[in-house]
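Beneath this line is the structure, given in structure tokens, with notes to follow.
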Amino acid sequence: MVNLIDIVLMGLLLITAFAVVRMRDLFAIVMLFSIYSLVSASFFVNLDAVDVALTEAAVGAGISTVLMLGTLAMTRRYEERRPRHAPLLPLFIVAVTGAALIYGTLDMPHFADPQAPIHQHVAPRYIEQSGTEIGIPNIVASILASYRGFDTLGETAVVFTAGLGVLTLLGRFGRREELSDGRSMYHDMILRVIGKALVPLMLLFALYVQFHGELGPGGGFQAGVVAAAAFILYSIVFGWDRAQKIISPFVLNIMMASGVTLYALVGVGGMLLGGEFLNYNVLGSYPAGGQHLGIFLVELGVGITVAAVMLSIYFDFAARVAVRKMEAR
Amino acid sequence: MISVILDILSWICLMGGSFLGISGAVGLFRFPDFFTRIHASGVTDTMCTVLIIGGLMLQAESWQMLAKLLMILLLLTYTSPTSAHSLAKSAIRGGLRPTLGSGD
Amino acid sequence: MSTILGLYNYWIVVLLMMTGFYIVIAHGNLIKKVIGLNIFQTSVIIMYISMGKVRDGAPPILTEGVTLFSNPLPHVLMLTAIVVGVATTALALSLVVRINEAYGSIEEEDIHTQEKSS
């Protein structure tokens, strides 16, 4: 039964990808890409990867789509049709690469084989020992924040760098008071009421996902993205200027930096208390308690940075769109 | 005995929901105009969702699962018709007008 | 036959990867290239996750009475990959916006002609 759902979902993914190749309307292509992300998120649930599904649905079908629509608002909507001779060289390269990859997969272990080499070395140790060493039910969260915590520190730094990069490229303009884009959808009563009703629910859900990341699927990334999505919804319905009065860019800058700093300070705290960098065992009176505290603080730092970066990137795009609309008037 | 009744009821709900979903998808392709197509997808948003999640709720194994499914149903009922509404509203603001039939 | 049943997952992933790759190298529109890159990234993530699945396993959350879990290590690596992917997409899209403001077009050939003639 798992196989049948597998085949149907993969068929949907293939159809969507082929449709993206053939279409010229960029707006439709962005929507198809959002469908692609959502279908792959349900595919991940089918493959028992619940944390990854939550992240892919929030990030791929949420933030990526909003950013692409923002880019479309500033460029043109249709791809130009060029009088093209048949794309023989790209097709040839793609065919050769595809054939080489398929030849490479012939050696791989069969799908869902319990005796595959990937399940033999480090993974059984994590599954068996994480209950006693760390003591939280979500194995993915304990690997992400504790066993491979250094990788996650690097990843948070990457997110922070992306926020900085977008801030540099699409820098925010002064004279914020003049850059109102009007109450964009304020006059529409249905959107206003539903938006007002949904924003506190989304923030509550973001906090739930953040703090229950140890007991079920969740964690810092997903919570940060959902919190940013709540503010983005408010900003779309009520206007970008009102949203900036609630969370000003100055506060966002501080939040962006403080999340990464919190993560690094937890690591340094481990060093000051006698252990190595990012050793959580020494943070509490008994090792599992120290791990709990360390993972809690680290996920909090990740959540703060991710929320601030996603919201800051959206504000940069929205400011550019507002400036363009004003110049066009 | 009661589990047999619950099974039959949830079968009816799930089958009905699937039929409505398929008919919504067929309508998305076959209807002539943008606004009639929004109506077809609106059928999928409302009745199909209610029937499928209702059928799943009859099979829930604990009160927590029932409450979570109810929350998901409420969220979908709030947000899907809102997006259909905003699609239609922005189409009208963009200048698209529904094609009217000729008089009787 | 058992080879096909065991490996069709990876072959469909290779098909998706090559579709994304084709969009990147054959189309001239910059936004479409970014979308093709994203399709490529998501298909690689699908491949890793399908490598981690164990038949009759449960999601890797410690529960009472469950002994066989799916492999949690690919899940962790792919969480990082998804977040890095969205960071790259955001930067790429802001570059597209700036290129459009500088050259007036987002088609690759227009930009090449403008660069050559300037």
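Every number in this text was worked out from the coordinates using simple rules, so none of it is lab data. None of these values were measured; they are calculated from a predicted model. Here the Cβ is made from the backbone with ideal geometry for all residues, glycine too, and neighbour counts use every protein chain on show.
A cut-off of 5 Å between modelled amide H atoms, ignoring neighbours fewer than 5 places along the same chain, links C:ASN71 with C:VAL54. In the calculated pair distance distribution of chain B, what percentage of Cα-Cα distances lie above 17 Å? Of all Cα-Cα distances in chain B, 62 percent exceed 17 Å. With all projection directions averaged, the alpha carbon convex hull of the range A:1-139 covers 12.2 nm². Between C:MET1 and C:ARG55, the C-beta separation translates, for a Förster distance of 30 Å, into a calculated FRET efficiency of about 0.95. Using a/c under 1.5 as the rounded threshold, could you call the protein assembly as shown rounded, prolate or oblate? The axes a ≥ b ≥ c are square roots of the C-alpha gyration tensor eigenvalues, and prolate needs a/b larger than b/c, oblate otherwise. Because its axes are fairly even, with a/c under 1.5, the protein assembly as shown counts as rounded.
Sort A:161-170, A:215-224 by the packing proxy (mean of other Cβ within 10 Å over each peptide's residues), most packed first.
A:215-224, A:161-170
Counting Cβ atoms of other protein chains within 10 Å of each residue's Cβ and taking the mean over peptide A:121-131 gives 3.
I'd like the mean, over residues of A:31-44, of how many other protein chain beta carbons sit within 10 Å of each residue's own Cβ.
Across A:31-44, the average partner-chain Cβ count within 10 Å equals 3.
Normalised by the number of residues in chain A, the average gap of Cα pairs under 8 Å and 6 or more apart makes the relative contact order 19 percent. Computed extension gain for A:SER285 through A:LYS325, at 0.36 nm per residue and net of the alpha carbon distance, reaches 8.5 nm. Dipole check for the protein assembly as shown: with +1 at the C-beta of Lys and Arg, -1 at the C-beta of Asp and Glu, and the Cα centre as origin, the magnitude is about 1760 Debye.
Entry note: the range A:190-329 has Rg to Rh equal to 1.11, where both radii use alpha-carbon atoms and Rh is the Kirkwood radius.
Considering only Cα-Cα distances, which of the following residue pairs are longer than 32 Å: C:LYS33/C:LYS116; B:LYS68/C:LYS33; B:LYS68/C:LYS53; A:LYS245/C:LYS33; A:LYS196/C:LYS53; A:LYS325/C:LYS32? Cα-Cα > 32 Å for B:LYS68/C:LYS33; A:LYS245/C:LYS33; A:LYS196/C:LYS53; rest within. Among A:ALA19, A:ALA206, A:ALA41, the largest mean-square fluctuation in a Gaussian network model of chain A, built with springs joining Cα atoms closer than 10 Å, belongs to A:ALA19.
In plain terms, the bigger the Kirkwood radius, the slower the diffusion; for the range C:1-95, with that radius from Cα pairs, at 20 °C and 1.002 mPa s, Stokes-Einstein puts D at 141 µm²/s.
Inter-chain neighbour count for A:92-105: the average number of beta-carbon atoms from partner chains within 10 Å of each residue's beta-carbon is 4. Our summary gives chain C a relative contact order of 24 percent, counting only alpha carbon pairs under 8 angstrom and 6 or more residues apart. FRET efficiency for the B:ALA91 to A:PHE211 pair, using the beta carbon distance and R₀ = 51 Å, is estimated at 0.80. Descending by average beta-carbon neighbour count within 10 Å, the peptides A:226-232, A:113-119, C:50-56 line up as A:226-232, C:50-56, A:113-119, the highest first.
Against the main long axis of the alpha-carbon atoms of chain B, helix B:63-94 sits at an angle near 0°. Our summary gives the range A:136-329 a relative contact order of 31 percent, counting only alpha carbon pairs under 8 angstrom and 6 or more residues apart. Per the Kirkwood treatment, what hydrodynamic radius in Å, one decimal, follows for chain A from the mean inverse distance over all distinct Cα pairs? Roughly 22.7 Å, rounded to one decimal.
Loop-resident GluC sites (Glu not before Pro) (DSSP state other than H, G, I, E or B) in the range A:1-108 with no more than 16 further Cβ atoms inside 10 Å of their Cβ: A:GLU80.
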